[in-house]
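Sharing a structure, written as structure tokens. Questions coming.
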Amino acid sequence: MIDTSRYPRLARIDSPTDLRKLAESELSQVARELREYLIEQVAGSGGHFGAGLGVVELTVALHYLYDTPRDRLVWDVGHQCYPHKILTGRRDRIHTIKQAGGLAPFPKRDESEYDAFGVGHSSTSISAALGMAIAAQRSAQQNGNASDARKIVAIIGDGGLTGGMAYEALHHGGDVDPDMLVILNDNQMSISENVGALPKMLARLMTSRRLNALREGAKRRLRRDGLLWRFLKRWEEHLKGMFVPSTLFEEFNFHYFGPIDGHDLPQLLHSLKTLKNLKGPQLLHIITTKGKGYAPAEAAQIEYHAVGPFDPGKGVTKKAAGKQSYTDVFGDWLCDMAATNERLLAITPAMREGSGLVRFAKEYPQRYFDVGIAEQHAVTLAAGMACEGAKPVIAIYSTFLQRGYDQLIHDVALQNLDVTFAIDRAGVVGPDGATHAGSFDLTYLRCIPNMVVAVPSDENECRLLLSTAFEHEGPAAVRYPRGTGTGAKIETELKTLPIGRAEIRRRGAGIAILAFGSPLATALEAGGELGTSVVNMRFVKPLDETLILELACTHTALVTVEDNAITGGAGSAVAELLASKNIQTPLLQLGLPDVFLEHASRERLLAEAGIDAAGIRKAVLARWPQSAARPPVEIRNVI
């Protein structure tokens, strides 16, 4: 429970209603307590950190002035929402965030009525808020209370405005003229530094704050002369151009205010009061500091974007080097391959650190392209590069590639272009929850013509299959999980493997387990206990059809294991093959269930899905109890 002596005001706030009972003069103290409490709680449990610290004053001001939950706050990106959760009845559970049974790390509609829109990806807030504003105004009009429609606010930050969907929403919003407010939380960061032309424009706006003040002062004085004011009002946009470097938002028909200091609570309150009851689309530009109020986080904003548990007095300490993660393996492979092939270009949608591109960005800056949170553009950009003879590699999370699916099909695969997809965070991801799970990529990739889809079983095989995909002249994807694998020794040579060729890792009797990717280790453990054959499939597309048909004829049953949704996944590919050949060998498909997986550790989620060693053994024995009598068989590697 919260320490009432340290947090006397925050302890009394169980909902925004309690916040609104306080005098406005008390809000600065509430903000101080909220920031200190956030530091204490995230230090104890881990979680997203810097972004929440940057919106403390904004969160207090919004919940104080708006009638939430009736009025809607739409947060984007979602990791800004920790202060919001603390003020909306979840204060005493914030330490459970990202843990099994605890709070979700992002806004989630079925967790709280204050979470108006669920979000894990970015750049969705303006579209969602626009839809809410249109529906709310329509409902109020139908009920005869047009002036009493609920207020809608979208808060977009941490690079969210680099995504194309945000501009589509601005484009449409300016046309339909809704009553809504967009708050641009400009901290010049996403996870890494913001990239592209827009952040440069916003930086120019920030440096023009004095000129903005001068402009507004001049306008106030001119209003005293009615005739001159009416004349000059028609030329307001031209006058703005004399002082402000860009009128982008005004051209979208959003009335632009700012930029203002997002940590100046009185100024925030004053601006929001002014904007709250204005008609039409408004945009308030605030300047904030990611990690505000915690010096180490302000100084190292990338490092403190998300953290594990740490001592607030000492800050985050670096862990001793352990096994290489799959992400590390990819980063090293990329640099090694780039040294041998000048045609290699690397693309990331704002995930330099997460996808392992830090070293490449330093060593090959002219061949490194961070496109911002713009996955669709990333994929078609790669297609264009491939048209001119380059060999682009897109480093992207499985969940984020979903946003570029149309481009993957129409712009890459349909034209059979030479693009390599390095798909990180495939399968069960864990604490980040359903929005970040890579549960579906085998399903959505294997149905696309011309695609090669590889699934490495360990870190060394990941390197081998990355080389294989890169050397293949056409679209190819290598998907690998978060974290570390078995600790396999990494071969430095850039060797390739035969496409569509599996390997038998254990010869047994009765049942053959076909393991796709990282579940191989657990399949080998279960297979050793059961005496079954175990196969490292390596590829989902193309399948090693010859080997599968041979195994179907020499074994009494087949079992497929994958870290992907069972529906339409690798096991389905095997089932389709057997059906096409009219082979009746029984088949058991193990993988992720047909639900969105909640946040928990990766190990727990794999166990719950039954694709750890114990789960595989239990499922096999439940289906074929007689297999328990078969003796274990020695391992035999066959390449």
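For segment 109-182, what is the Kirkwood hydrodynamic radius in Å, using each pair of distinct C-alpha atoms?
When all Cα pairs of segment 109-182 are included, the Kirkwood radius is 13.1 Å.
Here's another thing I want to ask about it. Starting from the alpha-carbon convex hull of segment 288-337, give the projected area averaged over all orientations, in nm².
Working: hull surface 20.5 nm².
Answer in nm², one decimal: 5.1.
Which cross-chain or sequence-distant (5 or more) residues have an amide H under 5 Å from the amide H of residue 154, H modelled 1.01 Å from N in plane?
74, 181, 182, 183
Here's something else I'd like to know. Which value, in Å² rounded to 10, gives the accessible area of residue 150 with a 1.4 Å probe and all protein chains present?
80
Ranked highest first by average number of other Cβ atoms within 10 Å, how do 375-381, 251-257, 333-339 line up? Kindly include the intermediate steps, with their values, before the conclusion.
Values: 375-381: 23.0, 251-257: 17.9, 333-339: 19.7.
Packing order, densest peptide first, comes out as 375-381, 333-339, 251-257.
Carbon and sulfur: what percent of the chain's accessible surface (1.4 Å probe)?
After summing per-atom areas, the C and S share lands at 52 percent.
Could I get the Rg over Rh figure for segment 325-459? Both from C-alpha atoms, Rh via Kirkwood, rounded to two places.
Computed over Cα atoms, the ratio is 0.93.
Roughly how tilted is helix 56-65, in degrees to the nearest 10 and between 0 and 90, from the longest Cα axis of the chain?
The answer is roughly 60 degrees.
In addition: With axes computed from alpha carbons, what is the tilt in degrees of helix 326-340 against the longest principal axis of the chain, rounded to the nearest 10 within 0 to 90?
The angle comes out near 80 degrees.
Same structure again: Looking at 45, 63, 121, which one has the Cα that reaches farthest to the positive end of the dipole of segment 14-126 (charges on Cβ: Lys, Arg +1; Asp, Glu -1)?
121
To continue, here is another question. Treating the beta-carbon of each Lys and Arg as +1 and of each Asp and Glu as -1, no other charges, what is the dipole magnitude of the chain about its Cα centre, to the nearest 20 debye?
About 1420 debye.
Quick check on packing: order 517-529, 549-561, 405-417, 429-441 by the mean number of other C-beta atoms within 10 Å, highest mean leading.
In decreasing order of mean packing, 517-529, 549-561, 405-417, 429-441 become 517-529, 429-441, 549-561, 405-417.
In terms of modelled amide H atoms, which long-range or inter-chain residues lie less than 5 Å from the amide H of residue 370?
Amide H to amide H, under 5 Å and 5 or more residues apart or across chains, residue 370 pairs with 348.
For segment 284-390, what percent of Cα pairs sit more than 17 Å apart?
66
Then there is this: If the viscosity is 0.890 mPa s and the temperature 25 °C, what Stokes-Einstein diffusion coefficient in µm²/s follows for the chain when Rh is the Kirkwood radius over Cα pairs?
92
Next question, about the same structure. Could you provide, to the nearest whole Å², the per residue accessible area of the chain with probe 1.4 Å? Show your work: numbers first, answer last.
Values: 26340 Å² over 639 residues.
Value for the chain: 41 Å² per residue.
Something else: Take every Cα-Cα pair in segment 315-370 and report what % of them are more than 16 Å apart. Please list the in-between numbers first.
Numbers: 685 of 1540 pairs.
Here the long-distance tail beyond 16 Å is 44 percent of all Cα pairs in segment 315-370.
Restricting things to alpha carbons, find the Rg to Rh ratio for segment 439-574 using the Kirkwood radius for Rh.
Result for segment 439-574 is an Rg/Rh of 0.95.
Treating the angle as unsigned and between 0 and 90°, give the value, to the nearest 10°, between the Cα long axis of helix 613-623 and the longest Cα principal axis of the chain.
Computed tilt is about 60 degrees.
What are the residues whose amide H is under 5 Å from the amide H of residue 556, where those residues sit 5 or more places off or on another chain and H is modelled from the backbone?
510, 511
Hey, what number do you get for the chain at 222 nm if only DSSP H runs of n ≥ 4 count, each worth -39500 (n - 2.57), divided across all residues, to the nearest 500? Could the numbers behind the result be given before it?
Values: 25 runs with 244 residues, N = 639.
Result for the chain, helices only: -11000 deg cm²/dmol.
Turning to a different aspect of this structure: Please name which of 589, 385, 277 has its Cα lying farthest along the dipole of the chain towards the positive end, using unit charges on Cβ (Lys, Arg +1; Asp, Glu -1) and the Cα centre as origin.
Value computed over the given set: 277.
Continuing with this model, one more query. Per residue of segment 116-124, what does 6.51 cos²θ - 1.76 cosθ + 1.60 with θ = phi - 60° give for ³J(HN,Hα)? Whole Hz please, x for Gly and Pro, Karplus curve as stated.
Each residue of segment 116-124 in turn: 5, 8, x, 7, x, 7, 10, 6, 9 Hz.
Here is a follow-up. Just going by the charge dipole of segment 535-616, with Lys and Arg at +1 and Asp and Glu at -1 on Cβ, which of 568, 613, 548 is farthest out on the positive end?
548
Give me a comma-separated list of calculated 3J(HN,Hα) values for segment 76-86, in order, Karplus coefficients 6.51, -1.76, 1.60 applied at θ = phi - 60°, integers in Hz, x for any Gly or Pro.
Values, residue by residue: 7, 7, x, 6, 7, 8, 4, x, 4, 5, 4 Hz.
Which whole-percent values make up P(r) of segment 1-43 when all C-alpha to C-alpha distances are grouped in 10 Å steps starting at zero?
All Cα pairs, binned at 10 Å, distribute as 28, 59, 13, 0 percent.
Just the projected area, averaged over all directions, of the convex hull on the alpha carbon atoms of segment 1-140: how many nm²? Walk me through the numbers on the way to the answer.
Details: hull surface 34.0 nm².
Average projection, Cα convex hull of segment 1-140: 8.5 nm².
In whole Å, largest first, what are the principal axis extents of the Cα atoms in segment 506-639?
Taking the Cα atoms of segment 506-639, the three principal extents are 41, 33, 29 Å.
Now a separate question. Please grab the % of Cα pairs in segment 261-315 that end up more than 14 Å from each other.
Looking at segment 261-315, the distances longer than 14 Å represent 65 percent of pairs.
Can you tell me what share of the DSSP beta bridges in the chain is antiparallel? A percent to the nearest 5 is fine.
20
The values are calculated or read from the model by the stated rules, or taken from the named source; none is laboratory data. As the structure is a prediction and not an experimental result, all values here were calculated from the model. Positions of Cβ are generated from backbone atoms using ideal geometry, with glycine treated the same way; all protein chains shown enter the neighbour counts. Accessible surface is based on the protein model in full, side chains and every heavy atom, while ligands, DNA and RNA are left aside. Shrake-Rupley method; radii C 1.70, N 1.55, O 1.52, S 1.80 Å.
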